[in-house]
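The values are calculated or read from the model by the stated rules, or taken from the named source; none is laboratory data. As the structure is a computational prediction, the values presented were derived from the model and not from experiment. Cβ placement follows ideal geometry from the backbone for every residue including glycine, while neighbour counts extend to all protein chains displayed.
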Amino acid sequence: MRQNVLRPGLLVDINDLPLNRVEDLPEGGLRIGALARMSDVAQAAGVVQRFPVISQALLLGASAQLRNMASMGGNLCQRVRCSYFRDATSPCNKRDPGSGCAALDGFNRGHAILGTSDKCIATHPSDVAVALVAMDAVVHTRGPADDRAIPIEEFFLLPGDTPEREHPLEHGELIVAIEVPATPTARLSIYLKFRDRESYEFALVSVAAAVRIQDGAIADVRLALGGVGTKPWRARRAEASLVGKLAGEASFAEAAGQELAAAKPRPLNAFKVELAQRAIIRALMTLTNGDTR
Amino acid sequence: MSGVIGQAVSRIDGPAKVTGSAHYSGEIALPGLAYAEIVGARVASGRITSIDTAQAEDAEGVAGILTHLNMPKVNNVPLLPSLIGGPAPGETFFPMQDDVVHYAGQPVAIVVADGLEQAQHAATLVQISYAETPSITTIDQGRADAYEPEKIFGGLMPAQTRRGNVEDGFAAADLLIDAPFRFAANHHNPIEALTTTAVWDGDQLTLYDSCQGIKAVQLTVAALLGLSPSKIRVLTRYVGGAFGAKAMVWPHVTLTALAAQYVRRPVRLALPRGQMFTSCGHREEQEQHIELGATSDGKLTAIRHHKISITSPFDDWAEPAFGVASQLYACPGFEGVHRLVRGNTMTPTFTRGPGEAVGVFTLECAMDELASELGIDPIELRLRNITDVDPNTGHPWSSYGLRECFERGARRFGWAGRNPQPRSERHGNWLIGTGMATAGYPIAFFMHTQRARAHLYADGTAIVQTATQEFGTGTSTVMTQVAADGLGIGLRDVRFEFGDTDLPNAGSPVGSNGAMMVSAAVHNAATAVRDQLITLAVSDSQSPLHGADPAGVVVAGGRMTLAGDANTGETYSSLMQRHIMSDAEAIGSWDPPPLDTPHGLLTFGAQFARVAVDADLGIIRVRHMVGAFAPGRVLNPKTARSQLMGGMLWGMSQALLEGTHMDTRHGRWANASLGDYLVPVNADAPDVDVELIEVEDHVTGPLGVKGVGEIGQVGAAAAIANAVYHATGYRVRELPIAVEHLLAHLPSGPASAAAGAQPDLT
């Protein structure tokens, strides 16, 4: 709004709604209120112990000051960092549908390589959403008509031909909570974030990973990528490739390669294809080896 | 004299700054103040075909709008660096004089309103149509039409330098190094944006301006508006960083004065962050190509150093690639050439170590390559080439200290025993590398007479004044020390007053010269008062010092005594009261040595860096930096260290983060925000150690001060780049160095780690 990108006619302050709790659910899941602050969620005992990937993703996002203020619902709804979207001047299909995409042939080093369309290649900026996508979270909403429970992968829409539409919320519909189902695999989970500077910076690539090994083979694996997708990217091809395989660099590299085979890079962000694969391997090696960063 | 020079005094402006009582130029409360917002051109080249201000004028609170249709005409003023002490516009172009657009962001309208938000809103309502013409905004686009200018750097330097015969030098060489480098543009981004508040009282103009030189602001606005400088007063106490962005006087200052005249109210303009990328210059996008010739024992025989860069349509600006880079080593053959491309950008300007930061980077990376090729330790290679005289003139250095910088820096860093083999050290996923570089920064005597006034009261307290300003460097602290020292009184008994053009003249503290030139005037003023009173005492039959040799009298704590006999003497107070004097006063002045002074003039240093590079992902983090510097006399080791440390971190930033990227389709910077233009955060800062090597200098003013403002950055980026090579075995010849440059050169996957394999580097 400060940059004249959005010009809403009416703003409603929802900060007084009683939606800021972080609750442990009886079966081992979490229910996170939409107004819970990032910093509170990151420190909640149930999150730290049962979902380290969520806590780590939160702590690697934004800055301490922002985490103290930013809500979880707001985090999911944050707008993209594409400088052409934010300059309020360049053609941008997300800001001004039909005007074109200046990023396609512009300065797009930070842009997405997965889930792109010829209308938009803006990267989804959230960290915690990547962890939540890996954990199969569910977004609970309340609208004028009814309540809905939206699986988080469906909450984030691919740009396709309608990049202006980023999530399926209807007019008057509000996120009330995010539920994370019990996920024993998440106890061995990690969020790795790679970026140009050490803090207060968006990811070039990030990886949320969780893995359960049984008899040397991968029994369950969760893998999602940030910094490379137009939405928080669940790496389902890689997961499918990994299940049942022996944990090791070869199987990790094979899975990473399969996931990134679908990448559509531009000249300035082509490095992300290789970087993302190496990041996936690093995350899985770290989880399975106790490999140190 | 009182020994307060050289003490690690904490900043006297610290409490005011941390409690928020220090008022900056955008925080001056004024009745009836209105706010201005500039509308910048959306296109990079063309003409304005229509401007419709009707909607904006009807917006709530709008007091007036100026465009080229109603903007008064201003005088043409040539571009001269503020160092020289005259009018110093940042570019010879002044906006809103006609309908031509030369660069994106060029001011095309200025909107004034009762409130800041009202001005911001109304600015979005100004409707402007353009007839756009093709633009050139990168070197690549204009390379075919590159030209060799006569002079660069605001006319200060020739575009070409030659010494000896470079062809003979290359012919005599056993080894050649040929290294081209590319550098992204840089923007200064001080945290306080450029801010001007203009107040007219009849024909008298008062400006509160966030600047590096209040006199330069006064003279520039006077020249542009055709006013007498006596009608203009500039008041600037605190400035929130500058880094060269405020060294010159940019159009918005005069635009604010004209807007205030138009609406007949005080007007404030604070540039929004986005406009900081199109309002106060930048370090230009550039390429440098260096060729070294050397004998097999490491003696340089020839250096060819060429640069091509992009400038504005109006000015031949290039930061010099090879001022210092031509002076560090005794190489018989040197050839330096600058070439320029005219483009649709504003005129570039001084940016943190202008010239040296990039030129010395180029030289020092090539020297590292030479050391690798010859199998000579990088420090040893430099020791074989350094020189006791300026190789361009043959004059001895006014003071040196470079050998000590290498020695003490190396010791502090732990350089000895370094394994020169790249990729020879690995901790976990991190490849560890070390690198070093020489640093140098010029001392330029372009300034005119510097003046200060010292005023001592009969109670032994003093006010010392000069027209400088505090832009975060520690000037006000250090000058208080110099004044106290010169007067021979305690630090708490001196009030240093500054930030007002009505005070005695001080030049713009640019080019790292502030401490040297301002301290010279302050010292001379303080000692002039001291000498008056000593003279009075020795000629006063009632004084215990009667008949003493004035040269044998010392002053400390406000008491004059015989040197070596502390019991014989009296205080200033007793002398002044006896003579019924309420005060004593003197103006001190200092003129720099002539430009052809027979001395080589550089400040020297040595930089060391240890970096960690993620062996698979190419992420670079700096772990340790050591800088050893010989800045003449150190007035305050605490503030000096802080400045040098800051400079070294800027060097890290230059090496790894900072780059502004042009979108050539629109001729606009593509990352004009602090979210997209990265500078380091605290988490990036490594351990930084600074060694101060004091050297005696009898040329650079009465105190022998050189400067610490910028040399901290010079060589720091080269040390890091050399360390990245040492860590990875690959030389990146582009700044900033980023993941994508390294990734293809790092053997993929953790296999190399798992097997502990050393890649084949041959």
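Annotations for the structure displayed:
- Among residues of segment B:18-56 being in contact (Cβ under 8 Å) with a residue 60 or more places away in the chain and among the charged types (D, E, K, R), the one that is surrounded by the most Cβ atoms within 10 Å (Cβ to Cβ) is B:Glu37.
- Whichever residue in segment B:671-722 is among the charged types (D, E, K, R) and under 20 Å from the mean Cα position of the chain (by Cα) and, among such residues, is farthest from the other protein chains (Cβ to nearest Cβ): B:Lys706
- Flag if B:Gly281 is crowded, with 24+ Cβ neighbours inside 10 Å and out of contact with any strand residue (DSSP E or B) (no Cβ under 9 Å at 6 or more places or on another chain): yes
- The listed residue being touching a strand residue (DSSP E or B) at 6+ places or on another chain (Cβ under 9 Å) and surrounded by fewer than 23 Cβ atoms within 10 Å (Cβ to Cβ), out of A:Pro168, A:Pro163: A:Pro168
- In segment A:187-199, the residues that are farther than 18 Å from A:Ser55 by Cβ and in a loop (DSSP other than H, G, I, E, B): A:Arg195, A:Asp196, A:Arg197, A:Glu198
- From the options B:Pro81, B:Pro72, B:Pro15, residue that is closer than 24 Å to B:Gly514 by Cα and touching a residue at least 40 places away in the same chain (Cβ under 8 Å): B:Pro81
- Residue satisfying all of: in segment A:217-226; surrounded by fewer than 23 Cβ atoms within 10 Å (Cβ to Cβ) and in contact with a Gly (Cβ under 9 Å, 6 or more places away or on another chain); nearest to the other protein chains (Cβ to nearest Cβ) among these: A:Ala217
Condition check ((1) in contact with a helix residue (DSSP H, G or I) (Cβ under 9 Å, 6 or more places away or on another chain); (2) within 14 Å of chain B (Cβ to nearest Cβ); (3) crowded, with 24+ Cβ neighbours inside 10 Å) across all residues:
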residue: A:Glu198; (1), (2), (3): yes, yes, no
residue: A:Ala208; (1), (2), (3): yes, no, yes
residue: A:Thr230; (1), (2), (3): no, no, yes
residue: A:Trp233; (1), (2), (3): yes, no, yes
residue: A:Arg236; (1), (2), (3): yes, no, no
residue: A:Val243; (1), (2), (3): no, no, no
residue: A:Phe252; (1), (2), (3): yes, yes, yes
residue: A:Pro265; (1), (2), (3): yes, yes, no
residue: A:Leu275; (1), (2), (3): yes, yes, yes
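- Going through (1) away from chain A (no Cβ under 14 Å); (2) surrounded by fewer than 24 Cβ atoms within 10 Å (Cβ to Cβ) one by one, B:Gly274 falls short only on (1).
- Looking only at residues of segment B:498-523 that are surrounded by fewer than 24 Cβ atoms within 10 Å (Cβ to Cβ) and over 23 Å from the mean Cα position of the chain (by Cα), we find that the one that is farthest from B:Ser642 (Cα to Cα) is B:Asp502.
- Residues of segment B:294-329 that are among the aromatic types (Phe, Trp, Tyr) and farther than 19 Å from B:Tyr147 by Cβ: B:Tyr329 alone.
- Residue count, segment B:374-432 (criterion: under 27 Å from B:Glu335 (Cβ atoms) and of a type in the set (Asp, Glu)): 3
- Among the residues of segment A:83-98, those that are at the interface with chain B (Cβ under 10 Å from one of its Cβ atoms) and either under 23 Å from A:Asp127 (Cα atoms) or out of contact with any helix residue (DSSP H, G or I) (no Cβ under 7 Å at 6 or more places or on another chain) (or both) comprise A:Ser83, A:Tyr84, A:Arg86, A:Asp87, A:Ala88, A:Thr89, A:Pro91.
- Residue match in segment B:734-750 (condition: touching a His at 6+ places or on another chain (Cβ under 8 Å) and either at pLDDT 95 or above or within 20 Å of B:Leu635 (Cα to Cα) (or both)): yes
- So B:Ala566, is it surrounded by fewer than 19 Cβ atoms within 10 Å (Cβ to Cβ) and either free of Cβ contacts under 8 Å to residues at least 12 places away in the same chain or acidic (Asp, Glu) (or both): yes
- Any hit, segment B:680-701, residues being within 18 Å of B:Ala184 (Cβ to Cβ) and in a loop (DSSP other than H, G, I, E, B): yes
- Where helices (runs of 4 or more DSSP H) fall wholly inside segment A:52-151, the ranges with 2 or more residues that are over 17 Å from the mean Cα position of the chain (by Cα), surrounded by fewer than 17 Cβ atoms within 10 Å (Cβ to Cβ) and of a type in the set (S, T, N, Q) are A:64-69.
- Of the strands (runs of 3 or more DSSP E) lying entirely inside segment B:387-490, the ones with 3 or more residues being small (Gly, Ala, Ser) are found at B:430-442.
- Residue check for B:His661: of a type outside the set (S, T, N, Q) and either touching a strand residue (DSSP E or B) at 6+ places or on another chain (Cβ under 6 Å) or within 14 Å of chain A (Cβ to nearest Cβ) (or both): yes
- Condition met for B:Pro747 (part of a loop (DSSP other than H, G, I, E, B), in contact with a Pro (Cβ under 9 Å, 6 or more places away or on another chain) and either β-branched (Val, Ile, Thr) or surrounded by fewer than 22 Cβ atoms within 10 Å (Cβ to Cβ) (or both)): yes
- Among the residues of segment B:284-328, just one is out of contact with any Pro (no Cβ under 9 Å at 6 or more places or on another chain), of a type in the set (Phe, Trp, Tyr) and buried (at least 24 other Cβ atoms within 10 Å of the Cβ), namely B:Phe322.
- Checking the stated criteria, A:Ala263 turns out to be in contact (Cβ under 8 Å) with a residue 40 or more places away in the chain, more than 15 Å from the chain's Cα centre (by Cα), within 23 Å of A:Thr116 (Cα to Cα) and assigned to a loop (DSSP other than H, G, I, E, B).
- Evaluated against (1) in a loop (DSSP other than H, G, I, E, B); (2) within 14 Å of another protein chain (Cβ to nearest Cβ), B:Gly32 falls short on exactly one condition, (2).
- Qualifying residue in segment A:285-293 (condition: within 23 Å of B:Ala738 (Cα to Cα), within 11 Å of chain B (Cβ to nearest Cβ) and in contact (Cβ under 8 Å) with a residue 60 or more places away in the chain): yes
- Segment A:165-189 residues that are farther than 23 Å from A:Ala122 by Cβ, paired with ones that are assigned to a loop (DSSP other than H, G, I, E, B) and acidic (Asp, Glu) (beta carbon under 8 Å, 6 or more apart): A:Val180/A:Asp136; A:Pro181/A:Glu27; A:Pro181/A:Asp136; A:Ala182/A:Glu27; A:Thr183/A:Asp136
- Hits in segment B:188-237 - residues which are assigned to a strand (DSSP E or B) and either surrounded by 24 or more Cβ atoms within 10 Å (Cβ to Cβ) or under 21 Å from the mean Cα position of the chain (by Cα) (or both): B:Thr195, B:Thr196, B:Thr197, B:Ala198, B:Leu207, B:Tyr208, B:Asp209, B:Val234
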